[in-house]
1. Filter region 36-55 down to the residues that are open to solvent by 90 Å² or more (accessible area, probe 1.4 Å) and closer than 23 Å to V74 by Cβ and list them by number.
2. Which pairs have Cβ atoms under 6 Å, sit 6 or more apart or on different chains, and link a residue in region 31-55 that is under 14 Å from C66 (Cα atoms) and in contact (Cβ under 8 Å) with a residue 24 or more places away in the chain to one that is open to solvent by 70 Å² or more (accessible area, probe 1.4 Å) and not in a helix (DSSP H, G or I)?
3. Being of a type in the set (A, V, I, L, M), modelled with pLDDT of 60 or more and assigned to a loop (DSSP other than H, G, I, E, B) is the filter here, so list the residues in region 1-55 that pass it.
Amino acid sequence: MAESDSQTIHRREPRTSQGDSDEVAHIVMKDDQMRGYLTGDPIKALCGKVWVPTRDYEGLPICQKCADERDRIVAGMKRLN
C-alpha cells in the first residue's frame, strides 16, 4: 500500500466560557479580534471572558465589566499625561 502525503493536524480545543456571548458585546483589543476571526483562536475580553468570536456583535449592549475596565484604563492613561 502506498504511503499517504496527508497529515492529521490535532487542534487543542480551548476552554472557553459560554453564557452571555449572545447577549452583550465584549471589548477586546482590535488585533486580538481580527486574529480570532481569522484563525479561530480564542480571545480574551477586558472583563476576562474567553471565547472564539464568530459573528458581528454590533448593536448589542456593551458588557458592563468590560466598560468599567476600559474606563479604568483610560483614566490611568490620562493621569500619566
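1. K44
2. Taking only residues 6 or more apart or on different chains, the pairs are V50/K44.
3. Restricting attention to region 1-55, the residues satisfying the condition of being of a type in the set (A, V, I, L, M) are 1-2, 9, 24-25, 27-29, 34, 38, 43, 45-46, 50, 52.
Going one step further and asking which of them are modelled with pLDDT of 60 or more, we end up with 24-25, 27-29, 34, 38, 43, 45-46, 50, 52.
Passing the criteria: V24, I27, V28, M29, A45, L46, V52.
The values are calculated or read from the model by the stated rules, or taken from the named source; none is laboratory data. Note that the coordinates shown come from a computational prediction; the quantities given were computed from them, not determined experimentally. With ideal geometry, Cβ positions are generated from the backbone for all residues, glycine too; neighbour counts draw on all protein chains shown. When the accessible area is computed, the model is the full protein with side chains, heavy atoms only, and any ligands, DNA or RNA have been set aside. Shrake-Rupley method; radii C 1.70, N 1.55, O 1.52, S 1.80 Å.
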